[in-house]
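In what follows, a structure is listed as structure tokens, so that the remarks can point back to it.
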Amino acid sequence: MSNMINFNSFSTDLRELVFAVERQIPAAYPIIVSGIMTSMATAMQDLIQVRMPNGVVNPVSLAIGVIGESGDRKTSVLNLLLKPIIAFDTISEQEFNNQLSDYEIDSNIFKIKEKAIQSEIIKSIKQGNENYKLLEDQLKQLQKLTPKIPLLCSGQAAQDTFI
């Protein structure tokens, strides 16, 4: 595979990234550049939405077919570039699972509190007691604190950026 790529149109950062990858994994520049483009598109899927000509909105994506001989280091380059994305996804998934577990605990506690107040309201009404109005206020205040299910978004919420 030829190493002929005109780096003049690359930003300094992108050019340096290509050379940094090549120092770690000696591979042809086209393989490295295609790996960078694939990694960038993968990282941006939650950030950028693309409105297609037919109006359908999809996450940004990029399809690249890399042709090379066995041993050209295609998979090694891609794995190196995707490593931080995969690590971020793993951490985000763990954080989401922790938030989901906390939500389930908070939700169960909330339901117990809600049922207790509802039970007290029923008792007060049956006894002809006017305390139920205070209990209704407590129930309204409690319901304002209803636990919210966590969103399945990693890090910051995905932006509605359309291109």
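Checked against the criteria, P84 does not count as assigned to a loop (DSSP other than H, G, I, E, B), open to solvent by 70 Å² or more (accessible area, probe 1.4 Å), modelled with pLDDT of 90 or more and not polar (S, T, N, Q).
Candidates in region 11-60 are the residues that are charged (D, E, K, R) and in a helix (DSSP H, G or I); of these, the one that is surrounded by the most Cβ atoms within 10 Å (Cβ to Cβ) is E22. Scanning region 81-108 for residues that are free of Cβ contacts under 8 Å to residues at least 24 places away in the same chain and of a type in the set (S, T, N, Q) gives T90, Q94, N97, N98, S101, N108. Residue count for region 112-133 under the criterion of being of a type outside the set (D, E) and under 43 Å from the mean Cα position of the chain (by Cα): the result is 8. The set of residues in region 122-154 being open to solvent by 60 Å² or more (accessible area, probe 1.4 Å), closer than 24 Å to D102 by Cβ and modelled with pLDDT under 90 consists of L151, L152, C153. Within region 87-121, the set of residues being loosely packed, with under 13 Cβ neighbours inside 10 Å and hydroxyl-bearing (S, T, Y) comprises T90, S101, S119.
Is it fair to say G68 is assigned to a loop (DSSP other than H, G, I, E, B) and either hydrophobic (A, V, I, L, M, F, W, C) or exposed (fewer than 11 other Cβ atoms within 10 Å of the Cβ) (or both)? The answer is no for G68. Is region 70-93 home to any residue that is within 23 Å of P150 (Cβ to Cβ) and polar (S, T, N, Q)? Within region 70-93, one or more residues are within 23 Å of P150 (Cβ to Cβ) and polar (S, T, N, Q).
The values are calculated or read from the model by the stated rules, or taken from the named source; none is laboratory data. Treat the numbers as computed from the prediction; the structure is a model and nothing was measured. Quick reminder, even Gly has a Cβ in these numbers, built from the backbone with ideal geometry, and neighbours come from all protein chains shown. Remember, those area values only see protein heavy atoms, side chains included, never the ligands or the DNA or RNA. Shrake-Rupley method; radii C 1.70, N 1.55, O 1.52, S 1.80 Å.
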